[in-house]
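Below you will find the structure I want to go over with you.
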Amino acid sequence: MRLPGSLQTRLALMLGLGIAIVWTVATIFTSLSITHEMGQVFDASLKETAQRILPLAEQEISDRSSDDDDFTLEETGLSDDMLVYIITDSGGSVRLRSRDTDAKIFQSATTDGFSNGPTHRLYRETNARGTLTIIIADPLSHRQEATSEAFVALISPLAYLVPLSMLGVWLVVRFSFRSLRRIRSEIEARGSGDLSPIFPENMPAEIKPVLNEVNNLMKRVARAIESERNFAANSAHELRTPIAAALAQTQRLIAESSDLHTRERAIQVETALNRLAALSEKLMQLAKSEGAALIGTNKSDLVPVLDLVVEDFLRLGHEAERIRIQRPQGAVMASIDPNAFAILLRNLIENGLRHGDPDKPVSVYLSPMAELRVRSPGPEIPRQTLDTLTRPFVRGNTMASGTGLGLAIVASIAKGIGGSIALHAPMRNGESGLEVVVNLV
């Protein structure tokens, strides 16, 4: 039998079945005990009836004529509805008997005491003088009926006791598992970057060691992640100054050099340094996107941030005339940190401008429900390539410059705020290109 996946269900099921089995076994043993006790009670009643009838019969026979062989005690009120009897003398002649009594049922009683016939339980007793013998019979069907009724009376309560017991077990187990459910709720309520220890109150002794080890593991993971994040951020930050210095010296060399070959080599160095500067900036953004400060303390309006990012593109050039913005009339409130939203939006627009069709616009739409859509018409993207674009340093089949980190940063921020990201190629309007949809709530 395959057990359920839930430990709570397993415990409730196994304990419930255990109680049902115990109840059933106890009922069977009780029924056997009652059957034995009832048999003794019936035998005692049978013997007592025989001992009560025999003296009366002896007195009746002595008062009657010996010719009145057909006399029955039933006529004098000494008969029983269930019991039948026969009284014989020392010679074996029948002196008294019950009405409509079949003598064959008494043939098994050959000695005094109890015996069993095919259909009756028999008791035989002889009087002290040895002149009269009574054989009294009780139908076995009468005893079986009484035993069956007693068994039914015992087994009937199980029809509601077992379900009630299983329900009670389930409720007790569910109540006992409330600590685990509280731990699960605390973990579910956390963001992906929150690895702080969990310290719920009133934890069972069996759960505390497991929880302590989980907390220790989270501490080690948090230290490892923080170490890697700090290394990437610090490395990128430390590279900015020497890169900027090298870039300035290279630009000065280009301006002052009169040798054409030297100028060409210096321009190549300038291009490489610009790429290195862009890569260090993206690495810093990636480190920030993997941090825990992606959600603000209060909700903020995203529309001013959208306008500010677009103004930066207009100020710096970057083909800003291709950007088409569609914003709602009112505010768009979300819990994402404004700086994180600016990084996310900037990377999406840069990705669209760099890899989209240079003759077509990049459309940016922010819905009142905080859904951001960026469409960039361009070449067709294979499905297998689309599924890998959110991985770091993965680029599609493009000749455009880039670091392969833009969509990875966007996906990391979306995951960190509990949102979602979806890539559509072709776009949902049927046009070739890439559409990125980010749900910010």
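Pick out the one residue from Ile243, Ile323 that is touching a residue at least 24 places away in the same chain (Cβ under 8 Å), buried (at least 17 other Cβ atoms within 10 Å of the Cβ) and touching a Gly at 6+ places or on another chain (Cβ under 9 Å).
On inspection, the qualifying residue turns out to be Ile323.
Checking Leu345 against (1) under 30 Å from Ser196 (Cβ atoms); (2) within 37 Å of the chain's Cα centre (by Cα), only one condition comes out false. Which one?
Unmet for Leu345, out of (1) under 30 Å from Ser196 (Cβ atoms); (2) within 37 Å of the chain's Cα centre (by Cα): (2).
Kindly indicate whether any position in the stretch 97-113 is in contact (Cβ under 8 Å) with a residue 40 or more places away in the chain and surrounded by 11 or more Cβ atoms within 10 Å (Cβ to Cβ).
The answer is no; no qualifying residue exists.
Which numbered condition trips up Arg229, out of (1) at pLDDT 80 or above; (2) of a type outside the set (A, V, I, L, M, F, W, C); (3) over 23 Å from the mean Cα position of the chain (by Cα)?
(1)
Related question: Working carefully through the options Val305, Val364, find the one that is in contact with a helix residue (DSSP H, G or I) (Cβ under 7 Å, 6 or more places away or on another chain), part of a strand (DSSP E or B), at pLDDT 90 or above and crowded, with 19+ Cβ neighbours inside 10 Å.
Within the list Val305, Val364, the selection yields Val364.
Is it true that Thr262 is surrounded by fewer than 14 Cβ atoms within 10 Å (Cβ to Cβ), of a type outside the set (D, E, K, R), in the same structural domain as Ala222 (by TED's automatic domain parsing) and under 60 Å from the mean Cα position of the chain (by Cα)?
So Thr262 does not fit the description; no.
Right, another one. Does Ala320 meet the test of being over 30 Å from Glu380 (Cβ atoms) and out of contact with any Cys (no Cβ under 6 Å at 6 or more places or on another chain)?
Judged against the criteria, Ala320 is not a match.
Could you list all residues from the stretch 335-360 that are buried (at least 21 other Cβ atoms within 10 Å of the Cβ) and of a type in the set (Gly, Ala, Ser)?
Ala340, Gly352, Gly356
For Ser185, state whether it is polar (S, T, N, Q) and part of a helix (DSSP H, G or I).
When the stated conditions are applied, Ser185 passes them.
I've got another one for you. Identify the single condition in (1) touching a helix residue (DSSP H, G or I) at 6+ places or on another chain (Cβ under 6 Å); (2) under 23 Å from Lys299 (Cβ atoms) that Asn351 does not satisfy, given that it satisfies every other one.
Condition (2) is where Asn351 drops out.
Sticking with this one: How many residues does the stretch 19-71 hold that are surrounded by fewer than 16 Cβ atoms within 10 Å (Cβ to Cβ), part of a helix (DSSP H, G or I) and at pLDDT below 80?
2
Determine the pairs where a residue that is without any contact (Cβ under 8 Å) to a residue 12 or more places away in the chain, located within the stretch 353-369, has a partner that is in a loop (DSSP other than H, G, I, E, B) with Cβ atoms under 6 Å apart, the partner being 6 or more residues away or on another chain.
If the second residue must be in a loop (DSSP other than H, G, I, E, B), no pairs are left.
The values are calculated or read from the model by the stated rules, or taken from the named source; none is laboratory data. Only a predicted model underlies this, so the values are computations on that prediction, with no experimental measurement involved. Here the Cβ is made from the backbone with ideal geometry for all residues, glycine too, and neighbour counts use every protein chain on show.
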